[in-house]
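Encoded as structure tokens, the structure appears first; notes follow it.
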2 protein chains.
Amino acid sequence: MKLFRKLISLEEALKIALAYAKRTEIEEIAFDDALNRVLAEGVYSRIDSPSFDRAAMDGYAIRGEDSFGASPANPVILRKRNRQGEKENETVVELREGEYLPIQTGMPIPAGSNAVVMLEYTKEKGAELVIFKPVTPGKNVSFKGEDVKKDEEVLKEGKTLRAHDLGMLASLFKRTVKVYKSAKFGIISTGDELSDPKESIEGEKKIADVNSYVLTALTGKIATPYRIGIVRDDYEKIKHAISVSLESDCNVLLLSGGSSVGKKDFLADAVEDLGELMFHGVAIRPGEPTGFGIVNNKPVFVLPGYPVATIAAFELLVRPFLYATHGVKEKRSKIFAIASKKVPSAVGRTDFVRVKLLCIENEYYTEPIGVSGSGILSSMTKSDGFVVVEENKEGVEEGEKVGVNVWDW
Amino acid sequence: MKLFRKLISLEEALKIALAYAKRTEIEEIAFDDALNRVLAEGVYSRIDSPSFDRAAMDGYAIRGEDSFGASPANPVILRKRNRQGEKENETVVELREGEYLPIQTGMPIPAGSNAVVMLEYTKEKGAELVIFKPVTPGKNVSFKGEDVKKDEEVLKEGKTLRAHDLGMLASLFKRTVKVYKSAKFGIISTGDELSDPKESIEGEKKIADVNSYVLTALTGKIATPYRIGIVRDDYEKIKHAISVSLESDCNVLLLSGGSSVGKKDFLADAVEDLGELMFHGVAIRPGEPTGFGIVNNKPVFVLPGYPVATIAAFELLVRPFLYATHGVKEKRSKIFAIASKKVPSAVGRTDFVRVKLLCIENEYYTEPIGVSGSGILSSMTKSDGFVVVEENKEGVEEGEKVGVNVWDW
């Protein structure tokens, strides 16, 4: 049995892995297929939006100046524009002093007018409008370009597109959009002890393959996971599976299980044998036996066998890699919470701590999950998120504020 | 032109709409298809997990008591269990006093043993193990049922399933799981002024249909959106479109546009004509001209024409309805932030305020978006989330803590 030669820090590990995060190619897709995709171009508007001055309220288009001084006791009275002999196209109309025209939200305001007076402050009698309150010029009008100006950059490269971003693309008639292609992540679990829960039932001494399912779910929001399944603890079989996966169209490979230092820990050896093992052993807990290498010019992650350790290694190392690969620029927003209990941690090691959140009067508090250990999957399902205790920190003191990454993501 | 008869409060509106939120039926699906679905059953474990006492580290299985008193100066020496004549099945072995056996992470520990001593604290010479540090009984062992006990409820009804929850289901060999079916939400935009951005290009006086795309993206995470498209401002056509949609398999209908009080605001009238209009006009800003009715025993939302107002009405009214329909029990986690500027709001009205978040030294601050108004879609795309100013509040004071719903969701 061998020991880890040397643990490298998470920071070093990230630096090495991210140097191999090759940005995916760009594809152009329909804007309404782009939800949660990452923009590969800055989107500039080809038009002013709105493209004309329009009413922002139902009411009457007037020249704002004409209403100055109006009050309930001393209302201003305007006359309706007589449109006899004019075309029934509102934009031809030019309001003159003292004139008004009824208007609906979204309609172009007549030339000459510059404000809309709301129904509430008026009374229309025949062709006369009694106004009880002045409106300043510009009131209740959406001016051309007020939302977006022509040639303005409305969405930046690297933005993950949300529902309202698709709405913005729609509003600008931007039918297609350039996004980063989804990379294909091959996923392999290894271990003689593993059974596929899809193909077998529970039983004595059986251990389910959890990792390939968890990694599929974790990568699937942004990448295209390809679950290859379980490979037995056989050095040649493992080497073969890695080779075959990388000769296919997988861009990245996630291996898990057997990345510890036991006798049958073939994964790191196989990566070294087939290509180059860049590191093996990272000062994170759980997740220490994590490795990374390059085979066939493609990145291969060697993840721990224990599901909790694999999730930790995923969140700390693979997720940043996944984001770099897909051009994600946004940072996950953390919730800050007050630690309700001391969390011990050694300097020189990054800790991945599962916590529950308790919200009391607009303030969050972390409640540590009682049981821990990387064999305890319920420490994940009972938690609301995780805290990263950085390697230069000697744990978290009670009462200290910590950033929690919630599982919403 | 008519005015809204009476605005009802958001609370009243929610109470009315939620009374018609019919929970969807239950379906049983493969556990690995259930990401982001909502559990319709409490999941109880049929097994202990782990299902046997197993090593949590690579090392040597021993009786912890045998190592007591060990130190570098005064090590304890154990002898390897001679397994000649025994079956090569580790579970048959029963360690006697003074014996050890090598063991790997995940393997069953031999009967009689109760601890695993890590490689680091030992030296194996032939059939002898030199131990330099004592281990307490139980150390480095995952005991049967330590993660999950048989018959324990591991996941509760109403939980939205995350990656690690699927991992838990896998670990328990729970192949299928009961979840709430996805409801079909029909989506119709109305308005003579609208063009479908998928079918036309930008041009003078053109306004794109934004709402049907935004509503499709917003509902799609949990429901099944069915984008019916644009219907012209023609009373009979609108009535016909509503009837046809509700005679089909749509469970809920989202109409938008023309829900204001202008001349052509046929939507609420059509709902009243075909069924029962439960309310029209809610004291929210933006989103005031929101209505709700029942046609063919199916809920119909009448949403504003302006995209920002529709998004506000969606978040305040439709999202809670969507969650109730699908059995979602979890609350969206908010980020608390300090308001860096006063936000005025009238008592008696709920405000939906877009904000940007600024994070300075573990504290978030809200930065209001300069431009507002429901015509300004860029107020959404520039924001990180929104704050709800409740109706009993006279705005938000500078320095006050507010809850921000971020767009991550």
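Residue count for the range A:89-135, restricted to those that are away from chain B (no Cβ under 14 Å), part of a strand (DSSP E or B) and among the hydrophobic types (A, V, I, L, M, F, W, C): 3.
Among helices (runs of 4 or more DSSP H) entirely within the range B:305-395, having at least 1 residues that are in contact (Cβ under 8 Å) with a residue 40 or more places away in the chain and farther than 30 Å from B:Ala40 by Cα singles out B:307-313, B:378-381.
Among the residues of the range A:206-216, are any under 21 Å from the mean Cα position of the chain (by Cα), part of a loop (DSSP other than H, G, I, E, B) and more than 26 Å from A:Asp273 (Cα to Cα)? No, because not a single residue in the range A:206-216 is under 21 Å from the mean Cα position of the chain (by Cα), part of a loop (DSSP other than H, G, I, E, B) and more than 26 Å from A:Asp273 (Cα to Cα).
If we scan the range B:66-77, do we find a residue that is at pLDDT 95 or above, closer than 30 Å to A:Pro102 by Cα and not small (Gly, Ala, Ser)? No: the range B:66-77 contains no residue that is at pLDDT 95 or above, closer than 30 Å to A:Pro102 by Cα and not small (Gly, Ala, Ser). Every listed requirement among (1) out of contact with any helix residue (DSSP H, G or I) (no Cβ under 7 Å at 6 or more places or on another chain); (2) in contact (Cβ under 8 Å) with a residue 12 or more places away in the chain; (3) among the β-branched types (Val, Ile, Thr); (4) more than 9 Å from chain A (Cβ to nearest Cβ) is met by B:Val406 save one, (4). B:Ser345 meets the conditions (1) of a type in the set (Ser, Thr, Tyr); (2) at pLDDT below 90; (3) within 25 Å of the chain's Cα centre (by Cα) in every case but one. The failed one is (3). Could you go through the range A:250-267 and let me know if any residue there is outside any loop (DSSP other than H, G, I, E, B), over 31 Å from the mean Cα position of the chain (by Cα) and within 13 Å of chain B (Cβ to nearest Cβ). Yes: the range A:250-267 contains one or more residues that are outside any loop (DSSP other than H, G, I, E, B), over 31 Å from the mean Cα position of the chain (by Cα) and within 13 Å of chain B (Cβ to nearest Cβ). Residue-level check: of (1) part of a loop (DSSP other than H, G, I, E, B); (2) at the interface with another protein chain (Cβ under 8 Å from one of its Cβ atoms), B:Asp151 misses just (2).
Evaluation of A:Lys198 against the conditions (1) more than 9 Å from chain B (Cβ to nearest Cβ); (2) free of Cβ contacts under 8 Å to residues at least 12 places away in the same chain; (3) not small (Gly, Ala, Ser) shows that the sole unmet condition is (1). From the list B:Val261, B:Val282, B:Val300, the one residue that fits, being modelled with pLDDT of 95 or more and in contact with an Asp or Glu (Cβ under 9 Å, 6 or more places away or on another chain), is B:Val282.
The set of residues in the range A:229-242 that are out of contact with any strand residue (DSSP E or B) (no Cβ under 8 Å at 6 or more places or on another chain) and assigned to a helix (DSSP H, G or I) comprises A:Tyr235, A:Glu236, A:Lys239, A:His240. It is to be established whether one or more residues within the range B:203-212 are facing another protein chain (nearest Cβ under 7 Å) and of a type in the set (Ser, Thr, Tyr). Scanning the range B:203-212, I find no residue that is facing another protein chain (nearest Cβ under 7 Å) and of a type in the set (Ser, Thr, Tyr), so the answer is no. All conditions in (1) buried (at least 21 other Cβ atoms within 10 Å of the Cβ); (2) under 30 Å from B:Tyr60 (Cβ atoms); (3) without any contact (Cβ under 8 Å) to a residue 60 or more places away in the chain hold for A:Ile284, with the sole exception of (3). In the set (1) in contact with a Pro (Cβ under 9 Å, 6 or more places away or on another chain); (2) within 12 Å of chain B (Cβ to nearest Cβ), A:Asn140 fails one condition alone, (1). None of A:Leu322, A:Leu377, A:Leu303 is more than 12 Å from chain B (Cβ to nearest Cβ), surrounded by 22 or more Cβ atoms within 10 Å (Cβ to Cβ) and aliphatic (A, V, I, L, M) except A:Leu303.
One residue stands out in the range A:45-62 among those that are within 23 Å of B:Gly287 (Cα to Cα) and in a strand (DSSP E or B): the one that is nearest to the chain's Cα centre (by Cα), namely A:Ser49.
The values are calculated or read from the model by the stated rules, or taken from the named source; none is laboratory data. If you're wondering where the values come from, they're calculated on a predicted model, not measured in any experiment. Counting neighbours? That spans all protein chains shown, and the Cβs are built from the backbone with ideal geometry, glycine included.
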